[in-house]
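All of the numbers you see were taken from the coordinates with simple rules; none came from a lab. Quick caveat: nothing in here was measured; it's all calculated off a predicted structure. Heads up, the Cβs are rebuilt from the backbone with ideal geometry, glycines too, and the neighbour counts pull from every protein chain shown.
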Amino acid sequence: MDGTLLNDNHELHPDFWEIEKKLIDKGILFSIASGRQFYNLEAKFDRIKDRTMFFAENGTYVSYKGKELYINPLERESAIEFLEMGRKLDHTHLVLCGKESAYVETDDKAFINEISKFYERLTIVEDLTKVEDTILKVTLCNFNGVEDHTFPHFVNYTDRYKVAIAAKVFIDITALDANKGNAIQGVQREMGISPDETLVFGDYLNDLEMMKVAKYSYAMKNAHPEIKEASNYTTRLDNNNNGVLDTIKALGLLED
């Protein structure tokens, strides 16, 4: 989604709908894999939600044709530990991502305005550690940049949890085996789809595992250097110039 299918204003190119329909008509399964909340993705793609597969919350929740296929939660005790650590960090805001909603314990306007782009259901609570919901991930936001200011505080947890730099200002912490790549592999097995029949696009470090499960793995022209290194190909155009749809056309996937 962000930095890949959407431009920097979080907009979907108007040509998308026609191209998606052509892919579906040719028997190609179109899927969205994102760190965004499922309800946000469902609303964004409301007109095609009944035929779209969603890998939401970095692969911790998968839905297809309106039915939940897979969920990989984060242990509650671990989530609370990360929340308490995050509270001690300067310039850091927290999001507790549950199955039913996302939760925050601040009404900071700049923060709320930013995360509202990614969460359709967002609830302000007094204490995140008291939330009763199935927990999918903990997200930490630092507008000064998380790669330098936030990730170092959690690097010692990377052998037990998936600590993914999802964007310049976001880190997502999930169960160790929760990522877009594992979720896609599960669907490949269930539906008899091989890596040679799989095309993926990504731009940031939460896409890293996804690049390894598809022969046609494309890093966006604007992608993080590690994603470009892990992918087999790079798009000709960036996300602001419709790089995903341009590549789909160039590959001949729309031809009769």
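Relative contact order for the range 182-256: what is it in percent, counting Cα pairs under 8 Å that are at least 6 residues apart?
The normalised contact order for the range 182-256 reaches 22 percent.
May I ask which residue of LEU253, PRO195, PRO14 lies farthest towards the positive end of the charge dipole of the chain, with charges of +1 (Lys, Arg) and -1 (Asp, Glu) on Cβ and the Cα centre as origin?
Result: LEU253.
If I take every Cα pair under 8 Å that is 6 or more residues apart in the chain, average their sequence separation and divide by the length, what percent do I get for the relative contact order?
The normalised contact order for the chain reaches 18 percent.
Compute the convex hull volume of the Cα atoms of the range 76-175, divide it by the residue count, and report the result per residue in Å³ as a whole number.
90
Listed highest first by mean packing, meaning other Cβ atoms within 10 Å per residue, what order do 154-162, 135-143, 3-11, 97-105 come in?
Taking the mean over residues of other Cβ atoms within 10 Å, the ranking is 135-143, 97-105, 3-11, 154-162.
Which one, LEU41, SER31, VAL62, projects farthest toward the positive side of the charge dipole computed for the chain from Cβ point charges (K/R +1, D/E -1)?
My answer, from the dipole projection, is SER31.
To the nearest 20 debye, what is the magnitude of the charge dipole of the range 76-175 about its Cα centre, counting +1 on the Cβ of each Lys and Arg and -1 on the Cβ of each Asp and Glu?
240
Taking square-rooted eigenvalues a ≥ b ≥ c of the alpha carbon gyration tensor, is the range 106-256 rounded, prolate or oblate, where a/c under 1.5 means rounded and, failing that, a/b exceeding b/c means prolate?
Taking the square roots of the gyration eigenvalues as a ≥ b ≥ c, the range 106-256 is prolate.
Answer with one residue from PRO152, ALA175, ALA79: the one whose Cα lies farthest towards the positive end of the charge dipole of the range 76-175, charges on Cβ with Lys, Arg +1 and Asp, Glu -1.
The listed residue farthest towards the positive side: ALA175.
Would you work out the charge dipole size for the range 80-137 about its Cα centre, treating the Cβ of every Lys and Arg as +1 and the Cβ of every Asp and Glu as -1, and quote it to the nearest 20 debye?
200
Give, rounded to the nearest 20 debye, the magnitude of the charge dipole that the chain has about its Cα centre when Lys and Arg contribute +1 at Cβ and Asp and Glu contribute -1 at Cβ.
Charge dipole, the chain, about its Cα centre: 540 debye, nearest 20.
Any of LYS21/LYS130; LYS180/LYS249; LYS22/LYS117 with alpha carbons more than 32 Å apart? Name them for me.
In this structure, LYS21/LYS130 lie more than 32 Å apart at Cα.
Please arrange ASP238, ASP256 by how many other C-beta atoms lie within 10 Å of their C-beta, fewest to most.
ASP256, ASP238
Divide, for the chain, the radius of gyration over alpha carbons by 2.2 N^0.38 Å, where N is the residue count.
0.98
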